[in-house]
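Reviewing the structure listed below.
The values are calculated or read from the model by the stated rules, or taken from the named source; none is laboratory data. Worth saying up front: this structure is predicted, and the values here are computed from it rather than measured. Using ideal geometry, Cβ is built from the backbone for each residue, glycine included, and neighbour counts are taken over all protein chains shown.
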């Protein structure tokens with residue numbers, strides 16, 4: 001019998017406090033579509049995902065009904081019942097999030113305790129009820145028959161997360177990431193639901209070890225759980241899936257506009273950076289084979305004994321001259337840094353950290369020591385603002401040498417001598433806390449420190465890559481999916497991983513092309529560069545000891561095909577940059593699943609092997625060994641085959657020939673795309689000319705231009721070009737002119753003709 005009935009409620013501005021006999025909850029109306037649900041369980045409350053006050057003036061109504069309290073905005077209806085159950089509906093009273101009221105009966109697994117022990121004796125993982133301690137809690141929701149789930153970052157498995165169960169506990173696991181893995185490097189507790197085509201989002205802002213069971217335990221319910229912490233989650237509404245993503249990124253932040261060169265190809269390998277000579281050999285061959293490339297990454301080998309913020313001197317005569325040489329060849333340099341600081345009394349970074357008390361401590365007050373690459377190592381306490389500032393300032397060592405970006409790795413945080421105990425003292429800002437609470441935001445806070453270090457020291461848009469993240473890290477860093485392997489299944493998983501990352505706010509994401517671990521093959525590498533063509537972060541990265549996977553290693557036809565697709569990528573960079581300029585305002589990802597654009601189309605709700613670039617490009621790569629044909633589903637509209645200009649009707653599946661050198665690629669009819677002329681790297685010099693390609697007979701397009709480097713665009717230093725094409729009639733309007741120089745020449749390229757325009761007397765005039 002439930003004795004916790006609703007007694008009274010009180011309204012204070014945008015907060016509604018509801019008291020029950022044995023508890024209380026607080027609802028905060030942030031916007032008509034975002035409502036926070038909070039219950040204090042005695043924990044210090046500090047959101048690392050949400051910065052600033054997100055509340056806007058919102059009208060809402062509170063009404064006491066017979067057996068529930070109704071809170072209504074223009075977009076959402078919340079019903080809080082006497083038994084503390086909470087039900088959420090949209091404005092039309094379509095059910096979105098409904099508390100489960102039945103009995104908890106898990107799916108029958110046909111095992112008793114003795115059978116379980118027998119299975120486990122051979123190493124089998126038998127699913128049992130979760131061990132619960134006094135702080136553990138669950139939020140159990142009703143599961144509808146047609147409910148789909150998306151989001152949660154880059155978890156393993158397919159796009160639709162229904163029937164999966166995951167954990168949020170950032171984990172460095174070098175084993176091949178298979179579908180059964182419940183946790184990887186990132187914790188993004190943002191779930192998107194789609195129920196009878198009615199969307200919703202739940203952002204569970206809890207940094208402790210948490211769990212999402214999305215119908216694995218039962219077909220009747222799903223649940224969200226945590227080992228500890230306050231009940232603190234956000235209900236996110238919206239008219240469609242795009243609105244859910246927009247509202248979530250409004251709450252947690254959008255991916256900032258990157259420097260333009262970061263959209264170019266990036267080459268990496270663990271082991272390159274052991275010497276200047278080895279790196280120079282790689283970049284020389286990149287230019288020899290005319291492979292477009294804008295960045296070279298230096299892994300841990302460049303450091304002096306893996307000491308962060310150092311550079312080895314035995315195999316580098318002068319790091320500054322080395323980096324200058326790469327810059328002259330058109331390469332930017334990205335250096336890795338790890339949080340583990342070598343325990344070395346003669347090492348300045350260690351000395352400073354010890355003196356200032358900046359490293360995490362054991363419960364006995366001693367600095368905690370574990371092992372990572374440098375051997376015995378200590379961990380900066382990034383939860384403290386002073387430590388983040390110190391780390392930011394130390395980035396000056398790399399910036400002064402000419403480094404262009406920083407790659408934060410091993411920041412789960414990883415440890416070689418067993419897991420870091422959960423009772424190790426980590427600070428939650430200035431309040432003493434534990435590793436149990438701060439683990440999942442460790443990488444987030446490190447990325448934040450690195451971001452502000454680069455921003456303050458260079459004045460440029462920082463390029464930071466991080467492996468470990470929490471919700472909201474997208475404000476500071478691009479990400480990749482971590483240590484994947486040269487496996488076809490990992491190529492296949494790339495698409496749902498990057499699509500779900502995009503829907504979770506991480507618009508700038510990629511994978512290790514070719515696979516990090518194990519040995520790639522010519523076919524796998526070729527299909528991977530094709531499939532990843534439009535992934536915002538385009539980086540080839542491999543582990544030490546694996547087969548070299550630079551394209552020239554494999555000879556022909558691998559080299560020529562790789563060359564073809566890198567050049568194609570560079571043609572599309574203006575379009576990708578335009579999408580980032582849009583994302584900077586909307587929060588919508590560049591690479592996205594079809595369901596985001598067509599949420600009511602049943603054919604795309606479980607689509608795992610196609611993706612879209614913005615709204616007008618469908619990409620259908622080959623992700624299986626030995627295949628030269630594939631079925632391609634085209635959504636509503638008309639679609640033009642990029643390679644032969646054949647037009648196909650949408651809501652239709654077609655059979656497409658795809659030999660090893662062909663990526664099936666379709667452009668929505670009557671689309672205009674900017675088209676960069678061929679160059680092997682992104683120049684800092686402004687483009688004098690831009691080409692716009694017309695797919696179809698007409699179209700309208702707005703193109704964005706700025707200096708591609710600094711923050712001047714935030715002060716209005718950018719241009720907007722409005723291109724209108726209707727048959728032979730073309731108009732070009734410099735809609736906003738805040739940046740100099742603008743394009744002096746523009747070419748409009750249709751299937752049958754080229755039309756050239758020059759800029760004269762503050763307007764574009766056709767000259768042919």
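Please give the number of the condition residue 714 fails out of (1) out of contact with any strand residue (DSSP E or B) (no Cβ under 9 Å at 6 or more places or on another chain); (2) assigned to a loop (DSSP other than H, G, I, E, B). All conditions pass for residue 714, except number (2). Of the residues 59, 79, the single one that is modelled with pLDDT of 95 or more, touching a strand residue (DSSP E or B) at 6+ places or on another chain (Cβ under 6 Å) and farther than 30 Å from residue 473 by Cβ is 79. Selection of segment 304-341 for residues being without any contact (Cβ under 8 Å) to a residue 12 or more places away in the chain and more than 30 Å from residue 678 (Cα to Cα) yields 304, 312, 313, 314, 318.
Looking at 450, 478, 458, can you tell me which residue is modelled with pLDDT of 95 or more and surrounded by fewer than 24 Cβ atoms within 10 Å (Cβ to Cβ)?
458
The condition (being within 20 Å of residue 527 (Cβ to Cβ) and in the same structural domain as residue 647 (by TED's automatic domain parsing)) is satisfied by just one residue among 614, 626: 626. Candidates in segment 481-529 are the residues that are touching a helix residue (DSSP H, G or I) at 6+ places or on another chain (Cβ under 6 Å) and not in a loop (DSSP other than H, G, I, E, B); of these, the one that is nearest to residue 162 (Cα to Cα) is 503. Would you say residue 327 is part of a strand (DSSP E or B), in contact with a strand residue (DSSP E or B) (Cβ under 8 Å, 6 or more places away or on another chain) and more than 30 Å from residue 94 (Cα to Cα)? Judged against the criteria, residue 327 is not a match. Screening 440, 445 for residues that are under 19 Å from residue 170 (Cβ atoms) and out of contact with any strand residue (DSSP E or B) (no Cβ under 8 Å at 6 or more places or on another chain) leaves exactly one candidate, 445. Residues of segment 271-293 that are assigned to a loop (DSSP other than H, G, I, E, B) and either touching a strand residue (DSSP E or B) at 6+ places or on another chain (Cβ under 9 Å) or in the same structural domain as residue 34 (by TED's automatic domain parsing) (or both): 291, 292, 293.
Note on segment 585-621: residues that are at negative phi and in a loop (DSSP other than H, G, I, E, B) amount to 18.
Inspect segment 696-711 for any residue being over 21 Å from residue 583 (Cα atoms), touching a residue at least 40 places away in the same chain (Cβ under 8 Å), surrounded by 12 or more Cβ atoms within 10 Å (Cβ to Cβ) and under 34 Å from the mean Cα position of the chain (by Cα) and give the result as yes or no. The answer is yes, given that some residue of segment 696-711 is over 21 Å from residue 583 (Cα atoms), touching a residue at least 40 places away in the same chain (Cβ under 8 Å), surrounded by 12 or more Cβ atoms within 10 Å (Cβ to Cβ) and under 34 Å from the mean Cα position of the chain (by Cα). For segment 262-283, the set of residues classified as touching a helix residue (DSSP H, G or I) at 6+ places or on another chain (Cβ under 9 Å) and more than 25 Å from residue 318 (Cα to Cα) consists of 263, 264, 265, listed by residue number. Please work out if residue 615 is modelled with pLDDT of 95 or more, touching a helix residue (DSSP H, G or I) at 6+ places or on another chain (Cβ under 8 Å) and either surrounded by fewer than 19 Cβ atoms within 10 Å (Cβ to Cβ) or within 23 Å of residue 679 (Cβ to Cβ) (or both). For residue 615, the condition - modelled with pLDDT of 95 or more, touching a helix residue (DSSP H, G or I) at 6+ places or on another chain (Cβ under 8 Å) and either surrounded by fewer than 19 Cβ atoms within 10 Å (Cβ to Cβ) or within 23 Å of residue 679 (Cβ to Cβ) (or both) - is met.
For segment 42-55, the condition holds for no residue, the condition being that it is crowded, with 18+ Cβ neighbours inside 10 Å and not in a loop (DSSP other than H, G, I, E, B). Confirm whether residue 48 is under 17 Å from residue 247 (Cβ atoms) and modelled with pLDDT of 95 or more. No: the conditions fail for residue 48. Considered as a group, the residues in segment 564-596 that are crowded, with 20+ Cβ neighbours inside 10 Å and free of Cβ contacts under 8 Å to residues at least 60 places away in the same chain include one that is nearest to residue 290 (Cα to Cα), and that residue is 579. Out of 96, 30, 69, one residue alone is crowded, with 17+ Cβ neighbours inside 10 Å, more than 35 Å from the chain's Cα centre (by Cα), assigned to a strand (DSSP E or B) and modelled with pLDDT of 95 or more. It is 69. Would you be able to say whether some residue in segment 445-459 is within 28 Å of residue 247 (Cβ to Cβ), in contact with a helix residue (DSSP H, G or I) (Cβ under 9 Å, 6 or more places away or on another chain), without any contact (Cβ under 8 Å) to a residue 12 or more places away in the chain and not in a loop (DSSP other than H, G, I, E, B)? Within segment 445-459 (the criterion being within 28 Å of residue 247 (Cβ to Cβ), in contact with a helix residue (DSSP H, G or I) (Cβ under 9 Å, 6 or more places away or on another chain), without any contact (Cβ under 8 Å) to a residue 12 or more places away in the chain and not in a loop (DSSP other than H, G, I, E, B)), the answer is yes, since at least one residue qualifies.
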